[in-house]
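Structure first, commentary second.
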Amino acid sequence: MKYNEYKELYDHLSTPEDIDFLAENFGYDKELLLVVYTQRIVRDTTRRFYRVKDQAKKMAWAWQHGESFVEVARRFDFPPILTALMILEQRHLSRKQFWKMLSELDRVEDRRLRRDLAEASKVDIVYSPEGSARQYARGRWGEQKLQSWLKGKGLEFRTEKDLRAEYDKTPDVLLHKPVEFDGSKKYWIESKATFGDPYEVKRHIKKQLDPYTELFGDGMVVYWFGFVEDADLPIPEGVSVVDANFFESPPVPYSYVPVGAVQAPGHRPIRGDEVDLET
């Protein structure tokens, strides 16, 4: 995807309803749109997190005087689940207690609190337990596609789990024998079930691609939902950026599950640290 097309798409994904509109009117894949929407929300939340948190007492006052978590969230233009967290922290509820409560709503005795949390979970498609589960499932899908492809080619490898005890920084796959591609031997492959726009790729260069290159040599990163093709980025020498077309043609898309559908089995529980506060 060219940058201008991506930027227009990004700018038009301001609400969950925009996902259906863009898919139905312009033919975009819904999961791609959900990925880009999620990236936009996480970035805006990261940028404004502490500024909004400074207003937590005002938010708690509004909730105590009858507004729902969703109503307060809309007033502060902030994700409902994180709004609820900030409000309940003002009532001395710990983060651990909050995430546990959110995952066990049937056990919340206070009827209003239970209703407001349920509404916030339904509206917030990024930070709710369902949103968290979707992101985790998407990541596992990408890793499994990569591993299946390698096994189909008869290529042996070690996974991130295998490497964790030996290295501080670990790619998703470290090949036993490198493969030739794009003018160099690739020793490792990183799987990203995201869209590789300039912001995302720069983050990955700093946190992962540069360290992997120093530790293991040349490698490859796959963005399963595509990347901006005409962006001028400081990709480490010897690192190739590819999308799903490298592994299969035509690519088999991720199976989109409508927002609000029942969670698939095997999803991890919600975590409380999913705002990316690293700069």
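Summary of values
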| quantity | calculated |
| --- | --- |
| Residue selected from region 129-149 under the condition crowded, with 18+ Cβ neighbours inside 10 Å and of a type in the set (S, T, N, Q), by the criterion nearest to Ala244 (Cα to Cα) | Gln135 |
| Matching entry among Ile235, Ile270 (being modelled with pLDDT of 95 or more, part of a loop (DSSP other than H, G, I, E, B) and either outside the structural domain of Ile189 (by TED's automatic domain parsing) or of a type outside the set (D, E, K, R) (or both)) | Ile235 |
| Residue list for region 61-84, restricted to those being outside any helix (DSSP H, G or I) and under 22 Å from Arg134 (Cα atoms) | Phe78, Pro79 |
| Inter-residue pairs, beta-carbon under 8 Å, first farther than 18 Å from Ile189 by Cα and in region 224-252, second of a type in the set (A, V, I, L, M) and part of a loop (DSSP other than H, G, I, E, B), 6+ apart | Val228/Met1; Glu229/Met1 |
| Restricting region 101-118 to residues that are of a type in the set (Asp, Glu) and not in a loop (DSSP other than H, G, I, E, B), the residue that is surrounded by the most Cβ atoms within 10 Å (Cβ to Cβ) | Asp116 |
| Members of region 98-136 found to be within 15 Å of Arg74 (Cα to Cα), in contact with an Asp or Glu (Cβ under 9 Å, 6 or more places away or on another chain) and small (Gly, Ala, Ser), listed by number | Ser121 |
| Within region 238-254, considering residues that are of a type in the set (A, V, I, L, M, F, W, C) and not in a loop (DSSP other than H, G, I, E, B), the one nearest to Glu200 (Cα to Cα) | Val241 |
| Condition check for Asp197: among the acidic types (Asp, Glu), more than 26 Å from Glu166 (Cβ to Cβ) and either in the same structural domain as Lys145 (by TED's automatic domain parsing) or at pLDDT 95 or above (or both) | yes |
| Subset of region 173-220 (residues that are under 16 Å from the mean Cα position of the chain (by Cα) and within 16 Å of Lys153 (Cβ to Cβ)) | Ser191 |
| For Thr83: the one exception among (1) under 23 Å from Thr15 (Cα atoms); (2) free of Cβ contacts under 8 Å to residues at least 24 places away in the same chain | (2) |
| From the options Lys58, Lys96, residue that is more than 20 Å from the chain's Cα centre (by Cα), in a helix (DSSP H, G or I), in contact (Cβ under 8 Å) with a residue 12 or more places away in the chain and assigned by TED's automatic domain parsing to the domain that holds Asp18 | Lys96 |
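The values are calculated or read from the model by the stated rules, or taken from the named source; none is laboratory data. Computed from a predicted model, the values in this text were never measured in an experiment. Here Cβ is always computed from backbone atoms with ideal geometry, including for glycine, and neighbour counts include all displayed protein chains.
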